[in-house]
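Student: Here it is, the structure, as structure tokens.
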Amino acid sequence: MSAATTATVFNPQTDAGPHPSLVIYNTLSKKKEPFATVRQGQVGVYLCGPTVYGKAHIGHMVGPVLFDTIKRYLTYSGYEVRWVVNITDVDDKLIKAADEQGISMAEVAELNIKDYEDNLAALGVTQIDDFPKATECMGEIIDFIAGLIDEGYAYESQGDVYFDVAKDADYGKLSNRTVTEMQGDGGGAAARKRSAADFALWKSAKTGEPSWDSPWGAGRPGWHIECSAMSKKLLGETFDIHGGGLDLVFPHHENEIAQSESCHGKPMVKYWAHNGLLRKDAAAGKIGGRAERQGADREAGADDAGGSNDAGGKMSRSKGAGGLADLIAKQGGERIRFFLLRTHYRSTVLFSEEAIEEAAVGLETFYRLFKRYERVTGKSFYDLKPATIRAGVAANDAAAAAKQKFVAAMDDDFNTGSAIGELFELARLTNKFCEDNKLESSASEADQTTLTTLMTTIKELAGILGLFLHSPASAGGGDELLGSVMQLVIELRAEARAGKNFAVADAIRDGLKPAGIVVEDRPSGAEWSGGDTASLEAVMQMLIALRASSRAAKDFATADALRDKLAAIGVTIEDRAGGAEWSHT
């Protein structure tokens with residue numbers, strides 16, 4: 001492969017003006033726009049975070065995974081990025097959860113924030129700079145509301161404060177709704193408002209509810225004002241990118257614009273970036289979310305990101321959308337992250353565990369390549385030190401062209417789906433280089449150097465996506481017990497094949513797929529690759545099922561061999577009324 005030549009690259013720290021190739025779709029303008037920052041070389045990003053009244057579900061991870069990747073790419077492109085994700089820790093649902101659990105609202109929030117942060121870490125979301133909480137920004141929120149009253153955009157009514165939408169001539173510009181289509185608080189609040197479309201900035205407290213003192217009496221903020229105040233505090237009156245799901249376009253983001261631009265007399269955000277929703281099937285609805293947020297995707301409309309945004313059955317917490325920690329334990333964080341990045345961020349993602357497992361098959365392409373690199377060079381892919389800043393590359397060979405296409409895909413509104421396609425192309429080219437030059441038989445120093453260059457490029461680009469940053473569990477890797485169990489599995493498989501017991505051999509092969517593990521036969525013996533923290537349980541369940549099926553078929557030789565091999569590594573299987581269980585000593 002010929003050497004690639006470098007070319008001059010736009011440096012946002014020294015070169016003025018918009019980026020020459022990076023574009024971002026703006027929900028406000030309904031088109032892609034050249035990326036130009038408010039402050040040269042700096043990017044402020046705000047993503048609406050969770051209301052922490054319950055455990056996180058996978059729908060809560062879509063935005064963070066996508067914007068974690070966007071920050072990684074902007075940083076790679078030379079920008080200094082500050083990314084803020086807020087926490088709504090005061091809300092009617094939090095108050096209700098506290099009453100039901102017999103603990104304080106703060107305790108409910110603390111438990112669920114810990115769950116949320118643990119899940120983010122498991123999915124490799126490490127780029128968030130600030131996690132402001134509404135309860136920690138009450139002074140800024142109250143000052144913001146007072147400013148809107150002073151400017152005539154808001155009014156107090158019986159201890160509540162409402163935004164007067166009639167005073168904002170641009171109200172509805174993000175969602176393309178007219179004021180007559182707006183829906184505000186119903187019930188008893190309607191009598192306290194000038195218009196049904198007016199929305200609450202401050203809510204008077206009911207007896208026994210958590211509250212804060214304000215010029216309008218004890219109460220708490222409305223949902224929308226919290227984000228306006230927190231984004232201003234950390235990113236300024238105008239910042240670069242505001243993200244969130246399409247379901248937040250109306251009313252949340254529409255109301256944020258109204259509050260912030262009325263207060264400051266200038267644009268709140270340059271680019272409104274909305275990710276598609278995660279759905280579970282072909283009926284209407286999405287995974288998680290508030291009822292008041294539904295339907296925003298219809299208002300925002302589908303676009304050239306591909307796909308409709310109105311498909312999919314809603315999976316609320318009561319219908320099983322919670323338990324993200326369990327899903328991560330079963331599937332592994334890297335699998336889930338890869339699954340979410342396979343499509344463009346503005347597209348709908350249809351969720352199922354089968355889809356995650358299908359995505360995991362693609363990951364095995366890379367895990368096998370990493371093992372091949374280790375066999376050829378004796379070095380670990382995970383120890384490679386790639387470039388962290390973008391450089392120009394002339395496409396004078398196929399590998400350089402794949403890298404250039406990867407960058408072009410990310411420049412085109414952060415198209416991770418197409419970028420991943422180019423990552424697969426690089427893997428294909430690298431495998432072809434190994435095979436064409438028979439590197440596993442004999443590799444010269446020059447060939448090893450070329451291979452290392454290719455692998456370093458893969459690591460560079462994968463790092464932008466937040467993939468392959470750490471080694472998965474593997475033989476001799478981070479999970480010693482999994483390595484021991486897999487050696488047992490390989491021995492059982494070899495014995496079954498030698499004895500022409502193909503039912504057992506096939507059961508092992510099929511049972512390893514959900515664990516994300518692949519076994520390859522080589523002249524030196526079988527090797528396995530893949531797997532993660534979730535794989536041990538999946539492999540053990542496969543062995544338990546294999547033991548049960550062998551006993552049912554009166555294949556006691558296999559059942560006894562399995563028992564004895566497990567006992568040798570300290571694993572015991574016990575039969576109980578609810579099914580077999582395993583333990584390790």
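The values are calculated or read from the model by the stated rules, or taken from the named source; none is laboratory data. On a predicted model such as this, the values are computed, not experimentally measured, just so you know. Note that we place each Cβ from the backbone using ideal geometry, even for glycine, and neighbour counts take in every protein chain shown. When the accessible area is computed, the model is the full protein with side chains, heavy atoms only, and any ligands, DNA or RNA have been set aside. Shrake-Rupley method; radii C 1.70, N 1.55, O 1.52, S 1.80 Å.
Student: With Cβ to Cβ distances under 15 Å as the rule, what net charge do the other residues near ASP560 carry (K, R +1; D, E -1)? Working shown, then result.
Tutor: On the way: positive: ARG547, ARG551, LYS554, ARG563, LYS565; negative: GLU491, GLU495, ASP555, ASP564, ASP575.
Every neighbour counted, the sum reads 0.
Student: So, taking all protein chains as they sit and a 1.4 Å probe, how much accessible area belongs to ASP326, in Å² rounded to tens?
Tutor: Only protein atoms counted, so the area is about 110 Å².
Student: When the dipole is taken about the Cα centre of the chain, and only Lys, Arg (+1) and Asp, Glu (-1) are charged at their Cβ, what size is it in debye, to the nearest 20? If you can, show how the numbers build up before the last one.
Tutor: On the way: 64 positive and 83 negative charges, 210 e Å.
Rounded to the nearest 20 debye, it is 1000 debye.
Student: Further question: Lys pairs in region 1-135, Cα-Cα under 18 Å, at least 8 apart or on separate chains: how many? Mind showing how you got there, number by number?
Tutor: Numbers: LYS55/LYS93; LYS55/LYS96; LYS55/LYS114; LYS55/LYS133; LYS93/LYS114; LYS93/LYS133; LYS114/LYS133.
The result is 7.
Student: Quick one: how many Å² of SER262 are accessible to a 1.4 Å probe, rounded to 10?
Tutor: 20
Student: Assuming 0.36 nm per residue, please report the length gained on full extension of the stretch SER583 to GLU374 beyond their Cα-Cα distance.
Tutor: Working: separation 209, 0.36 × 209 = 75.24 nm, distance 3.29 nm.
Taking 0.36 nm per residue and subtracting the Cα distance, the gain is 71.9 nm.
Student: Further, regarding this structure: Rounded to a whole number, what % of the accessible area of region 333-382 do carbon and sulfur atoms account for, probe 1.4 Å? Numbers along the way, then the final one.
Tutor: Values: 820 of 1690 Å².
Carbon and sulfur: 49 percent of the exposed surface of region 333-382.
Student: State the percentage of accessible surface on region 1-137 attributable to carbon and sulfur atoms; use a 1.4 Å probe and exclude ligands, DNA and RNA. Please list the in-between numbers first.
Tutor: Values: 2770 of 5540 Å².
Answer for region 1-137: carbon and sulfur cover 50 percent of the accessible area.
Student: Which whole-number value in Å³ per residue fits the convex hull of the alpha carbons of region 90-237? Walk me through the intermediate numbers first.
Tutor: Values: hull volume 22.0 nm³, N = 148.
Hull volume normalised by residue count: 149 Å³.
Student: In nm, give the distance between the simple-model label positions of SER21 and ALA121, each being 7 Å from the Cα along the Cα-to-Cβ direction.
Tutor: 3.7
Student: Taking every DSSP beta bridge that has both residues in the chain, what percent is antiparallel when rounded to the nearest 5?
Tutor: Restricted to the chain, the bridges split so that about 55 percent are antiparallel.
Student: Give me the percent of the accessible area of region 408-533 that comes from carbon and sulfur atoms, probe 1.4 Å, all protein chains in place. Each step should come with its number before you reach the end.
Tutor: Numbers: 2730 of 5490 Å².
Carbon and sulfur together cover 50 percent of it.
Student: Given a 1.4 Å probe, how much area per residue of region 66-147 is accessible, in Å²? Show your work: numbers first, answer last.
Tutor: Numbers: 3090 Å² over 82 residues.
So region 66-147 comes to 38 Å² accessible per residue, rounded to a whole number.
Student: Separate question: Cα centroids of region 541-583 and region 196-213: how far apart, whole angstrom?
Tutor: For region 541-583 versus region 196-213, the Cα centre distance is 60 Å.
Student: Which whole-number value in Å² is the accessible area per residue of region 483-531, probe 1.4 Å?
Tutor: Each residue of region 483-531 exposes 47 Å² on average to a 1.4 Å probe.
Student: Helix-only estimate, please: 222 nm mean residue ellipticity of the chain, summing -39500 (n - 2.57) across DSSP H runs of length 4 or more and dividing by its residues, to the nearest 500. All intermediate terms of the calculation are to be shown ahead of the outcome.
Tutor: Working: 17 runs with 243 residues, N = 585.
Result for the chain: -13500 deg cm²/dmol, rounded to the nearest 500.
Student: To continue, here is another question. Rank ALA197, HIS344, GLN40 by how far each Cα sits towards the positive end of the charge dipole of the chain (+1 on Lys, Arg Cβ; -1 on Asp, Glu Cβ) and give me just the farthest.
Tutor: Sorting the options by dipole projection puts first HIS344.
Student: At 10 °C and a viscosity of 1.306 mPa s, what translational diffusion coefficient does Stokes-Einstein give for region 388-427, taking Rh as the Kirkwood radius over Cα pairs? Give it in µm²/s as a whole number.
Tutor: Values: Rh = 10.1 Å.
Translational diffusion coefficient: 157 µm²/s.
Student: Calculated FRET efficiency, ASP436 and ASP521, Cβ-Cβ r, R0 30 Å, to nearest 0.05? Show your work: numbers first, answer last.
Tutor: Values: r = 22 Å, r/R0 = 0.72.
Computed FRET efficiency for ASP436 and ASP521: 0.85.
Student: Could you work out Rg/(2.2 N^0.38 Å) for the chain, with Rg from alpha carbons only? Intermediate results must be reported in sequence, preceding the final value.
Tutor: Working: Rg = 27.2 Å, N = 585, 2.2 N^0.38 = 24.8 Å.
Taking the Cα Rg and dividing by 2.2 N^0.38 Å, one obtains 1.10.
Student: While we're looking at this one, here's another question. Considering the dipole of the chain built from charges on the beta carbon (Lys and Arg +1, Asp and Glu -1) around the Cα centre, which of LEU536, PRO523, GLY102 is farthest to its positive end?
Tutor: So the residue furthest toward the plus end is PRO523.
Student: If you put +1 on each Lys and Arg Cβ and -1 on each Asp and Glu Cβ, how big is the dipole of region 50-114 around its Cα centre, in Debye rounded to 20?
Tutor: 360
Student: Something else about it: Mind checking the angle between helix 445-464 and the chain's longest principal axis? C-alpha axes, 0 to 90 degrees, to the nearest 10.
Tutor: Around 30 degrees separate the two axes.
Student: Reported to two decimal places, what Rg/Rh ratio describes region 379-476 when computed on Cα atoms with Rh from the Kirkwood expression?
Tutor: Taking Rg over the Kirkwood Rh, I get 0.98.
Student: Cα extents of region 112-154 along the three principal axes, largest first, in whole Å?
Tutor: The Cα atoms of region 112-154 stretch 46, 18, 14 Å along the principal axes, largest first.
Student: Follow-up. In degrees from 0 to 90, rounded to the nearest 10, what is the angle of the helix 138-150 Cα long axis to the longest principal axis of the chain?
Tutor: With both axes taken from Cα atoms, the answer is about 40 degrees.
Student: Further question on the same structure: Where does helix 416-436 land angle-wise versus the long Cα axis of the chain, in degrees 0 to 90, nearest 10?
Tutor: So the helix axis and the longest Cα principal axis differ by about 20 degrees.
Student: Rounded if a/c is under 1.5, else prolate if a/b beats b/c, else oblate: with a ≥ b ≥ c from the C-alpha gyration tensor eigenvalues square-rooted, which is region 1-154? Show your work: numbers first, answer last.
Tutor: Values: a/c = 2.91, a/b = 1.62, b/c = 1.80.
Oblate shape, in that a/c is at least 1.5 and b/c is the bigger or equal ratio.
Student: Can you give the Kirkwood hydrodynamic radius for region 433-585, in Å, rounded to one decimal and based on Cα pairs?
Tutor: Details: mean 1/r = 0.0568 Å⁻¹.
Hydrodynamic radius (Kirkwood, Cα only) of region 433-585 equals 17.6 Å.
Student: 7 Å from Cα along Cα→Cβ at both THR14 and LEU350: what's the point-to-point distance in nm?
Tutor: If labels sit at THR14 and LEU350, their model points lie 5.0 nm apart.
Student: At what distance in angstrom do the alpha carbon centres of region 354-413 and region 18-47 lie from each other?
Tutor: After rounding, the separation between the Cα centres reads 26 Å.
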